[in-house]
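Scroll down for the structure; my scribbles are underneath it.
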Amino acid sequence: MTLLAIVRLRGSPDRRPEEHKALELLRLHKPYHTVIMRDTPSLRGMLKKTLEMVVTYGEINEETLALLLERRGRLLGNKRVTLEYVQKLGYKDFRELARALIEGKISLKDLPDFKPVFRLRPPSGGFKGTLKKHVGAGGELGYRGKAINDLIRRML
């Protein structure tokens, strides 16, 4: 099973109602918010049809997911996810938890008090293209495959 990392890049002005609804369903309320979702045909369809010009997405790897959980993972009350929390769940470190998430043994919903949204910052070094065009046309939006890992690492 693969996991998709979905990063919202554009803000609220000029959004169509169906885009607002799709962003609300994904819990992407502000730019630079990121969610991790299972790759399903229905999710791919929603991203392709509705959100192609608002978000960027791709397959996240184990190392990037472990870094994301460690640096930007939050619990209720805006507390950081600590190594003690991960060990209480039965995993020895963030890497092992990330491996279990990617293999589908556990989902983010199963983690107690875990917030499903990661709040990132703008990428260090800035964006390489414009935020108004698709990745294929020299922009930053849409499907970017494994290159999403580089973007997320620059946004941590």
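The values are calculated or read from the model by the stated rules, or taken from the named source; none is laboratory data. Note that the coordinates shown come from a computational prediction; the quantities given were computed from them, not determined experimentally. Ideal geometry is used to build each Cβ from the backbone, glycine not excepted, and the neighbour counts take in all protein chains shown.
Observations
- Hits in the range 123-156 - residues which are part of a helix (DSSP H, G or I) and either closer than 17 Å to LEU51 by Cβ or among the basic types (Lys, Arg) (or both): VAL135, GLY136, ALA137, GLY145, LYS146, ILE148, LEU151, ARG153, ARG154
- Filter pass, ARG38 being surrounded by fewer than 17 Cβ atoms within 10 Å (Cβ to Cβ) and either among the basic types (Lys, Arg) or touching a strand residue (DSSP E or B) at 6+ places or on another chain (Cβ under 9 Å) (or both): yes
- Of all residues in the range 4-53 being free of Cβ contacts under 8 Å to residues at least 60 places away in the same chain, part of a loop (DSSP other than H, G, I, E, B) and acidic (Asp, Glu), the one that is nearest to ARG71 (Cα to Cα): ASP39
- Filtering LEU76, LEU151, LEU111 for residues that are of a type outside the set (Phe, Trp, Tyr) and in contact with a Leu (Cβ under 9 Å, 6 or more places away or on another chain) leaves a single hit, LEU111.
- Yes/no for THR56 being modelled with pLDDT of 90 or more, assigned to a helix (DSSP H, G or I), of a type in the set (Val, Ile, Thr) and under 17 Å from the mean Cα position of the chain (by Cα): no
- Residue in the range 140-151 that is among the basic types (Lys, Arg) and crowded, with 18+ Cβ neighbours inside 10 Å present: yes
- Only listed residue being out of contact with any Cys (no Cβ under 7 Å at 6 or more places or on another chain), under 19 Å from LEU151 (Cβ atoms) and among the hydroxyl-bearing types (Ser, Thr, Tyr), chosen from THR56, THR40: THR56
- Flag for LEU51 being more than 21 Å from GLY11 (Cβ to Cβ), at pLDDT below 95 and among the hydrophobic types (A, V, I, L, M, F, W, C): no
- Residue within the range 125-146 that is touching a strand residue (DSSP E or B) at 6+ places or on another chain (Cβ under 6 Å) and on the phi > 0 side of the Ramachandran plot present: yes
- Total residues in the range 4-34, condition over 23 Å from GLY136 (Cβ atoms) and of a type outside the set (Asp, Glu): 10
- Residue match in the range 90-109 (condition: of a type outside the set (S, T, N, Q), touching a strand residue (DSSP E or B) at 6+ places or on another chain (Cβ under 7 Å), surrounded by 15 or more Cβ atoms within 10 Å (Cβ to Cβ) and outside any helix (DSSP H, G or I)): no
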